[in-house]
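Quick notes on the structure that follows.
The values are calculated or read from the model by the stated rules, or taken from the named source; none is laboratory data. This one's a predicted model, so the numbers in the text were calculated from it and none came from an experiment. Cβ: placed from backbone, ideal geometry, glycine included. Neighbour counts: every protein chain shown.
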Amino acid sequence: MCEKSGIMSKIAAIVLILFNFVSMVLCVIVFGISLWIIVSPKTVLHTVQMFGNTTFNALVLDSLSVQVGVTSAVIGGLIFFISAMGFYGAITGSQFLLFMYTTLVLLLMLLECALIYYFSSNIVEKGLQEYDKVTNHVMRITLHCCDRNYTTSEEIPWSCCDVTNSTACTTEKIYRKDCKQEFTLWWDKYQTFVYVSISVIHLVLLSCSLLRRSNSASRSHT
């Protein structure tokens with residue numbers, strides 16, 4: 001029984017080490033890009049224009065700001081801290097680190113579900129909001145929709161058409177589907193999958209952390 005428990009603990013440790021290592025690498029990349037955006041947004045834009053496609057360039061142009069850089073850096077740093085805690089805790093079997101990691105992962109899961117519920121409910125009830133440009137662009141491009149009917153005298157957002165230049169987006173080329181309606185249909189179909197996927201990922205990490213911690217606790221008492 002103890003041998004089987006030890007094997008399960010090692011498997012749990014491997015899962016935690018691999019997952020958190022990848023997470024830390026991604027967080028370092030995000031943090032580095034965020035600092036680059038804060039320090040020199042013009043060079044970021046120039047680099048993206050050199051290597052990115054026109055749609056991606058347009059998205060970056062609308063989202064590039066110091067505020068976005070600071071927010072991304074804070075989120076990346078926070079997730080790196082949690083991942084490092086799980087990574088080192090899995091290697092050393094530290095009961096304290098694994099307990100803290102379990103608690104933070106649980107809180108992170110609840111926070112993610114709450115944020116998804118808030119934003120999805122907001123879109124379903126009110127539709128796309130003017131202040132959230134990047135989300136609006138992504139929504140229109142993904143669902144091939146537009147949030148309202150524009151007139152010829154108004155500047156139509158480029159993402160309302162299958163183009164990347166707002167001047168080339170005309171009332172003749174505009175998407176006819178309503179974004180609020182299209183998102184509602186999509187969300188009704190996939191919301192269960194979204195919540196289940198988030199829950200499963202976090203619960204697997206929680207289970208591995210608890211298994212690793214319980215094995216470390218049993219060894220410390222023998």
Inset, instruction - Return a yes/no flag: does region 15-27 have any residue that is of a type in the set (A, V, I, L, M), in contact with a Cys (Cβ under 8 Å, 6 or more places away or on another chain), over 30 Å from residue 130 (Cβ atoms) and part of a helix (DSSP H, G or I). - result: yes
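Against the definition (part of a helix (DSSP H, G or I) and at pLDDT 90 or above), how does residue 7 come out, yes or no?
Criteria not met by residue 7.
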Inset, instruction - Starting from region 124-135, take each residue that is farther than 16 Å from residue 146 by Cβ and list its partners that are modelled with pLDDT of 80 or more and hydroxyl-bearing (Ser, Thr, Tyr), counting only C-beta distances under 9 angstrom and pairs at least six apart or across chains. - result: 124/184
Legend entry - From 204, 194, residue being touching a Phe, Trp or Tyr at 6+ places or on another chain (Cβ under 9 Å), closer than 28 Å to residue 13 by Cβ, part of a helix (DSSP H, G or I) and at pLDDT 90 or above: 204
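Among 85, 100, which is among the aliphatic types (A, V, I, L, M), part of a helix (DSSP H, G or I) and crowded, with 18+ Cβ neighbours inside 10 Å?
After ruling out the rest, the residue left standing is 85.
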